[in-house]
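Taking it in order: structure first as structure tokens, then the write-up.
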Amino acid sequence: MTSPSTLWLRRFHPAAGRPVRLVCFPHAGGSASYYHPVSAALSADTEVIALQYPGRQDRRTEPCLDSIDALADRITDELLTLEDRPTLYFGHSMGAVLAFETAWRLEQKGGPAPRGIIASGRRAPSTRRAETVHQRDDAGVLAELRLLDGTNTRALENEEILRMSMPAIRADYRAVERYTCEPGRVLRCPITALTGDADPRTTVAEAEAWQEHTNGGFRLRVLPGGHFFLAEQQAAVLREITTELAELR
């Protein structure tokens, strides 16, 4: 029987007996609920798990973790408790980095590592940019969120919602902006990179550089849209996920 949801691992639909698993890693400032529509679309034949990082929604009273290593270590511990079955990781933006680092840890430990990763909306770990959003004041962080157009910034104009949400948003930005990948870190599983053709934070070349991080095969798909192209291209993204899950069955 599939375990119920935990603090870290959220299941929105029954998943007992499903032959394959999808684990979803949210973006900076995001939460597990972002992937509820994905779970609804795929749960008939796929166990869908979405990560819930501390410091947000029902975990808002918990301290945030502001480093990729700390988050990946904790997520790895949680995923080690799962029954082994063919698994695909999907991560968007910061979530793509966490999916990569978690997969690397599980491969090293001999645990239930994924059979594939879809890295969405994020430049490859080997690429570098000087990014300091986490050092801005609240207005500056909101300006970045408006530019990326993925968070409900209208809701954040409410002072109470902003007060509750900003610590997690800032901690996530601090984590991903200070992240550095160890040279030569390569996965055994294949990687598919998805990117928007108008993403202001990831060029096509930076997305293509994910091929440097796998010995298991690589594909790049460029879709119309900005950083949160997956909101505009839901059907195309779901087809990509479904295709890769079918290869695991």
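The values are calculated or read from the model by the stated rules, or taken from the named source; none is laboratory data. Keep in mind that what you see is a predicted model, and the values were worked out from it rather than measured. We place every Cβ from the backbone using ideal geometry, glycine too, and count neighbours over all the protein chains shown.
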In segment 227-245, residue farthest from Asp197 (Cα to Cα) [restricted to those that are at pLDDT 95 or above and small (Gly, Ala, Ser)]: Ala235
Odd one out for Cys181, checked against (1) over 30 Å from Asp45 (Cα atoms); (2) crowded, with 20+ Cβ neighbours inside 10 Å: (2)
The lone exception for Ser5 - which of (1) small (Gly, Ala, Ser); (2) buried (at least 18 other Cβ atoms within 10 Å of the Cβ); (3) more than 18 Å from Arg170 (Cα to Cα) it fails: (2)
Residues of segment 121-136 that turn out to be touching a helix residue (DSSP H, G or I) at 6+ places or on another chain (Cβ under 6 Å) and over 10 Å from Trp210 (Cβ atoms), as a count: 3
The one condition in (1) farther than 30 Å from Asp84 by Cβ; (2) part of a strand (DSSP E or B); (3) charged (D, E, K, R) that Arg219 fails to fulfil: (1)
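Kindly provide the set of residues from segment 32-44 that are closer than 13 Å to Trp8 by Cα and either surrounded by fewer than 22 Cβ atoms within 10 Å (Cβ to Cβ) or among the basic types (Lys, Arg) (or both), ordered by number.
Of everything in segment 32-44, just one residue is closer than 13 Å to Trp8 by Cα and either surrounded by fewer than 22 Cβ atoms within 10 Å (Cβ to Cβ) or among the basic types (Lys, Arg) (or both), namely Ser33.
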Residues satisfying the stated conditions in segment 81-104, i.e. surrounded by fewer than 19 Cβ atoms within 10 Å (Cβ to Cβ) and modelled with pLDDT of 95 or more: Pro86
Where a residue in segment 58-75 is more than 12 Å from Asp172 (Cα to Cα) and its partner, wherever it lies, is part of a helix (DSSP H, G or I), with Cβ under 7 Å and at least six apart: Arg60/Met164; Ala72/Leu98; Ala72/Glu101; Ala72/Thr102; Ala72/Arg105; Ile75/Leu98; Ile75/Thr102
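Mind checking whether some residue in segment 18-39 is among the small types (Gly, Ala, Ser) and over 15 Å from the mean Cα position of the chain (by Cα)?
Quick first cut of segment 18-39, residues among the small types (Gly, Ala, Ser) only: 28-33, 39.
Filter again for over 15 Å from the mean Cα position of the chain (by Cα), leaving none.
No, that holds for no residue.
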Residue check, Gln234 touching a Phe, Trp or Tyr at 6+ places or on another chain (Cβ under 9 Å), surrounded by fewer than 22 Cβ atoms within 10 Å (Cβ to Cβ), of a type in the set (S, T, N, Q) and at negative phi: no
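Quick one: would you say Glu208 is of a type outside the set (A, V, I, L, M, F, W, C), modelled with pLDDT under 95 and either touching a Phe, Trp or Tyr at 6+ places or on another chain (Cβ under 9 Å) or within 22 Å of Gly29 (Cβ to Cβ) (or both)? Walk me through how you get there before you give the answer.
Details: of a type outside the set (A, V, I, L, M, F, W, C): yes; modelled with pLDDT under 95: no; either touching a Phe, Trp or Tyr at 6+ places or on another chain (Cβ under 9 Å) or within 22 Å of Gly29 (Cβ to Cβ) (or both): yes.
Against the criterion (of a type outside the set (A, V, I, L, M, F, W, C), modelled with pLDDT under 95 and either touching a Phe, Trp or Tyr at 6+ places or on another chain (Cβ under 9 Å) or within 22 Å of Gly29 (Cβ to Cβ) (or both)), Glu208 does not qualify.
Across segment 106-115, what is the number of residues that are on the phi < 0 side of the Ramachandran plot and either surrounded by 19 or more Cβ atoms within 10 Å (Cβ to Cβ) or in a loop (DSSP other than H, G, I, E, B) (or both)? Please lay out each step first, then the result.
If we filter segment 106-115 for residues that are on the phi < 0 side of the Ramachandran plot, which is where we start, we get 106-109, 111-115.
Now narrow it down to the ones that are either surrounded by 19 or more Cβ atoms within 10 Å (Cβ to Cβ) or in a loop (DSSP other than H, G, I, E, B) (or both): 106, 111-115.
Adding up the residues that qualify gives 6.
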Some residue of segment 45-63 being surrounded by fewer than 14 Cβ atoms within 10 Å (Cβ to Cβ) and hydrophobic (A, V, I, L, M, F, W, C): no
